[in-house]
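Here's a structure for you.
Only the coordinates and a few stated rules stand behind these numbers; no lab work does. The shown structure was predicted, so the numbers you read here are calculated from the model rather than taken from an experiment. Cβ: placed from backbone, ideal geometry, glycine included. Neighbour counts: every protein chain shown.
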Amino acid sequence: MQDTAFFQNWALDIRRNRPDLQISGSPNRTLARSVLEDVSGKLYLLEQYDLRKKSAQTAQNRILQFLQTRQLPGIHPALQTQDGGHGITHDRSFWQLRPWVEADPLPRQTLGSDSRIAGIWSDILLKLKEISLDPAMPPTAGERFTFTGYIRKLLPFTERRMPDLAGDLKEILQFLNPFLERENTLPLMFAHGDFHPGNILLQNNAVSAVIDWEFLGWKCAGYDLALLLGCLGMDDPDWLDGKAVRTLQDNLFLQNYMPEPVWQDLPDLMAAIRLGWFGEWVDLGDHATAKQEIAYIRFLLGK
């Protein structure tokens, strides 16, 4: 744990670490993270980032502050420091501190039939769309994500790391090519960027936190929906025709969540997003899961 002077940047008196508390979300987004308790018993999440992420984390936090003021549920920006910063630079790293949020275990075994949780997901997506149309929305950092740009890096990377799967990837890209050729003409929508069940924390049947905003930004309309559906289907393909998915899609369609033609592109968009998961398995050297991902993408494309 850092010393007393470190936490004075936030005017806090931290008493101890709380390693007994499990931290939700991906640990790969940070260099390190820990739960801390101050002298009053209040809990905080301390996150350490590569210093090169300082600009992106600062821009992200400005957006989270904006979303919080517009009452998107479950938003917990990093605390501002005494001098008004969004974190501090220390020991060649960028550090942020945010409130610790309690959450109930996710009912993973029954998600596909849980229309109540599906209603929560759709409410968040609709509210996020509404807020993002506000011209006061802060800008995002970096270049806009495109599938074509990602694929230009993914294919040679796969050829180096898992050459036996490169042929399968090339075949999938041929199936996706008509969608990819239209990518620059597709409508945009502000997206969380990693909107899957594990990042929507719940407590007492309500949203307690929406976490892991690292991939937020303007993406193809329907990106968050397609990512969520893809994750549900990966857990159980039958869930794609289950009660939760039907509730989710009905709610969004009735509220004109995205242009009607985008609904026709949804299977291709789901498949294209799964390429990101495939790339992650390749990067981790997990050949079995990468191969499973290839099979799942084929399933989504009907191939």
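From (1) free of Cβ contacts under 8 Å to residues at least 24 places away in the same chain; (2) surrounded by 15 or more Cβ atoms within 10 Å (Cβ to Cβ); (3) hydrophobic (A, V, I, L, M, F, W, C), pick out the condition that doesn't hold for Leu45.
In the conditions (1) free of Cβ contacts under 8 Å to residues at least 24 places away in the same chain; (2) surrounded by 15 or more Cβ atoms within 10 Å (Cβ to Cβ); (3) hydrophobic (A, V, I, L, M, F, W, C), Leu45 misses (1) alone.
Identify, from the list Leu269, Leu300, Leu240, the residue that is in a helix (DSSP H, G or I), in contact with a Cys (Cβ under 8 Å, 6 or more places away or on another chain) and surrounded by 14 or more Cβ atoms within 10 Å (Cβ to Cβ).
Checking each option against the conditions leaves just Leu269.
Same structure again: Across the range 154-170, which residue is surrounded by the most Cβ atoms within 10 Å (Cβ to Cβ) among those that are without any contact (Cβ under 8 Å) to a residue 24 or more places away in the chain and out of contact with any Ser or Thr (no Cβ under 7 Å at 6 or more places or on another chain)?
The residue in question is Leu155.
If you don't mind, another one. Restricting to the range 162-209, name every residue that is in contact with a helix residue (DSSP H, G or I) (Cβ under 7 Å, 6 or more places away or on another chain), part of a helix (DSSP H, G or I) and closer than 30 Å to Asp134 by Cα.
Phe179, Leu180, Glu183, Pro197
Here's a follow-up. State which residue pairs qualify: first residue charged (D, E, K, R) and inside the range 75-100, second residue surrounded by fewer than 17 Cβ atoms within 10 Å (Cβ to Cβ) and not in a loop (DSSP other than H, G, I, E, B) in any location, beta carbons under 7 Å apart, and separation of 6 or more residues or different chains.
As it stands, the answer is Arg92/Leu51, since those pairs meet every condition given.
Now for a different question. Can you tell me which residues in the range 237-272 are under 18 Å from Leu111 (Cβ atoms) and not charged (D, E, K, R)?
Pro237, Trp239, Leu240, Gly242, Ala244, Val245, Thr247, Leu248, Gln249, Asn251, Leu252, Met270
Follow-up. Filter the range 86-102 for residues that are more than 19 Å from Asp38 (Cβ to Cβ) and buried (at least 18 other Cβ atoms within 10 Å of the Cβ) and give the result.
His86, Ser93, Phe94
Every residue, every condition in (1) under 17 Å from Arg70 (Cα atoms); (2) among the charged types (D, E, K, R), yes or no:
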{"residue": "Ala103", "(1), (2)": "no, no"}
{"residue": "Gly119", "(1), (2)": "no, no"}
{"residue": "Leu125", "(1), (2)": "yes, no"}
{"residue": "Ile131", "(1), (2)": "yes, no"}
{"residue": "Pro138", "(1), (2)": "yes, no"}
{"residue": "Gly142", "(1), (2)": "no, no"}
{"residue": "Phe147", "(1), (2)": "no, no"}
{"residue": "Tyr150", "(1), (2)": "no, no"}
{"residue": "Lys153", "(1), (2)": "no, yes"}
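Being touching a residue at least 40 places away in the same chain (Cβ under 8 Å), more than 27 Å from Leu176 (Cβ to Cβ) and surrounded by fewer than 14 Cβ atoms within 10 Å (Cβ to Cβ): is that true of Asn205 here?
yes
Residues to consider are Gly233, Gly276; find the one that is part of a helix (DSSP H, G or I) and surrounded by fewer than 21 Cβ atoms within 10 Å (Cβ to Cβ).
On inspection, the qualifying residue turns out to be Gly276.
Filter the range 29-41 for residues that are surrounded by 11 or more Cβ atoms within 10 Å (Cβ to Cβ) and not β-branched (Val, Ile, Thr) and give the result.
Within the range 29-41, Arg29, Leu31, Ala32, Arg33, Ser34, Leu36, Glu37, Asp38 qualify.
Considering the range 123-156 alone, what residues qualify as being part of a helix (DSSP H, G or I) and over 17 Å from the mean Cα position of the chain (by Cα)?
Glu130, Ile131, Thr148, Gly149, Ile151, Arg152, Lys153, Leu154, Leu155, Pro156 - these are the residues of the range 123-156 that are part of a helix (DSSP H, G or I) and over 17 Å from the mean Cα position of the chain (by Cα).
What is the residue count in the range 1-14 for residues that are within 16 Å of Lys42 (Cβ to Cβ) and surrounded by 15 or more Cβ atoms within 10 Å (Cβ to Cβ)?
Total satisfying the criteria: 4.
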